[in-house]
Structures are given as structure tokens and as C-alpha cells.
Amino acid sequence: MVKQKGQSAHQKMDLQYPTSVCWICNRCASCCKDQPDHERRIMMLKTEADKVSRFANLRLNQFSTKLKNAEPYVRVMKKKNGTCLFLKNSQCLIYPIRPLTCQCYPFSFVYKNNLAVFKLTDEPCPGLGQGKPLRKIFFTKLFDTVYTKLELVHGH
Ligand code: SF4
Ligand code: SF4
């Protein structure tokens, strides 16, 4: 795990991320489904859920349910037969506006007291172990995306 100052919109933040993780997404869509030993929870910020609602022309409760005690996330995606409602023919129908939970996978993210931490989930992702180790720039860019969305939530 490396701890360094971020280098863009969030220069005052410290960024922690795992080193020596090789990963390339092969678009297998496993992270859009429950696995035999793991229930996938696709959590959403309020702003994300509202955006999906407008984009897909669906009411919130047609594609998600309320989530309690999971701040900043407030909704969780509904699934059909264990698969996200927006996965069709192995493609995400809302890819440009997919939630952070999907954008960050296979990493989870926490952000507290000027410290941003990316951790590798313990869920299976076939892309892990592929390609070269991810560099700082990967996490910096991902953090920019996360920060921008959370900034909207917290109104920094
Ligand atoms: S499970 Fe991993 S490799 Fe497959 S789509 Fe998700 S992130 Fe990509
Ligand atoms: S929103 Fe898209 S990327 Fe996220 S779980 Fe659903 S289909 Fe997969």
C-alpha cells in the first residue's frame, strides 16, 4: 500500500492504494451479477440514482431499493435472477452513467479526514492478475472521478 499526496483537484488529500496489483477489465460482467458464494451489492449515491432514473426513464423504485446506514450511498440496484437490471447481452445499458460502485470495481473506496483509500475487494474478478501492475496515475484518475461525484454530495 502506498500513501501519497493526490495531484489534481484533490491536492490536499492523501491517497492510499494497493501496489503490485495487475488488472485489466475483460468485460466479463461478473461484477454485474451475484456469484455462487457472494451477493453483489450495487450501491448508488442519490445523485447517481436520480441520473439513472432520468436516463432510463424509470422511477427510482423500478430499478432500486432504499439503503439504510450506508452513507453516502442511499440506494441499491435491483437485480433479476441475480443480475443487475441494466445488464443486457453482457453489456451495461447505462455504461456512461454507471455508479461509482461499478466504476471503481474491483476496488472499494473510502474517503475520510483528508485520506482517500482504495482497497482491493475480496470478490472474484477474472481481470485480476492480468497485465502490468496498476500505477499511481490509475488511482489518481479514479480518485478524480470519485472526488467529483462525492463533492456534489457533500457540497465542498
Ligand atoms: S468482474 Fe472484473 S474483469 Fe469482469 S467486468 Fe467486472 S471488473 Fe471487469
Ligand atoms: S450498472 Fe452497469 S456496470 Fe453496474 S452492475 Fe449494472 S450492468 Fe453492471
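The values are calculated or read from the model by the stated rules, or taken from the named source; none is laboratory data. Keep in mind that what you see is a predicted model, and the values were worked out from it rather than measured. Note that we place each Cβ from the backbone using ideal geometry, even for glycine, and neighbour counts take in every protein chain shown. Only protein heavy atoms, including side chains, enter the accessible area calculation; ligands, DNA and RNA are left aside. Shrake-Rupley method; radii C 1.70, N 1.55, O 1.52, S 1.80 Å.
Just checking, which of PHE86, PHE118, PHE55 is over 16 Å from CYS31 (Cα atoms), in contact (Cβ under 8 Å) with a residue 24 or more places away in the chain and within 16 Å of ligand 1 (Cβ to nearest atom)? Unique residue meeting the criteria: PHE118. The set of residues in the stretch 31-42 being modelled with pLDDT under 95 and either open to solvent by less than 40 Å² (accessible area, probe 1.4 Å) or within 12 Å of ligand 1 (Cβ to nearest atom) (or both) consists of GLN35, HIS38, ARG40.
Check the stretch 81-99 and report whether any residue there is of a type in the set (Gly, Ala, Ser) and closer than 13 Å to VAL21 by Cβ. Please lay out each step first, then the result.
In the first step, residues of the stretch 81-99 are kept if they are of a type in the set (Gly, Ala, Ser); the result is 82, 90.
Those left that are additionally closer than 13 Å to VAL21 by Cβ: none.
Looking through the stretch 81-99, none of the residues is of a type in the set (Gly, Ala, Ser) and closer than 13 Å to VAL21 by Cβ.
Looking at the stretch 66-120, the strands (runs of 3 or more DSSP E) lying wholly inside it that each contain 1 or more residues that are surrounded by fewer than 19 Cβ atoms within 10 Å (Cβ to Cβ) and basic (Lys, Arg) sit at 107-112, 115-120. Scanning the stretch 134-156 turns up no residue that is within 15 Å of ligand 2 (Cβ to nearest atom), touching a strand residue (DSSP E or B) at 6+ places or on another chain (Cβ under 6 Å) and either of a type in the set (Lys, Arg) or not in a helix (DSSP H, G or I) (or both). Filtered by the rule that a residue be among the hydrophobic types (A, V, I, L, M, F, W, C) and either in a helix (DSSP H, G or I) or open to solvent by less than 40 Å² (accessible area, probe 1.4 Å) (or both), the stretch 44-63 gives MET44, LEU45, ALA49, VAL52, PHE55, ALA56, LEU60, PHE63. So SER108 passes all but one of these: (1) in contact (Cβ under 8 Å) with a residue 24 or more places away in the chain; (2) within 19 Å of MET44 (Cβ to Cβ); (3) within 16 Å of ligand 1 (Cβ to nearest atom). Which condition number does it fail? Every listed condition holds for SER108 apart from (1).
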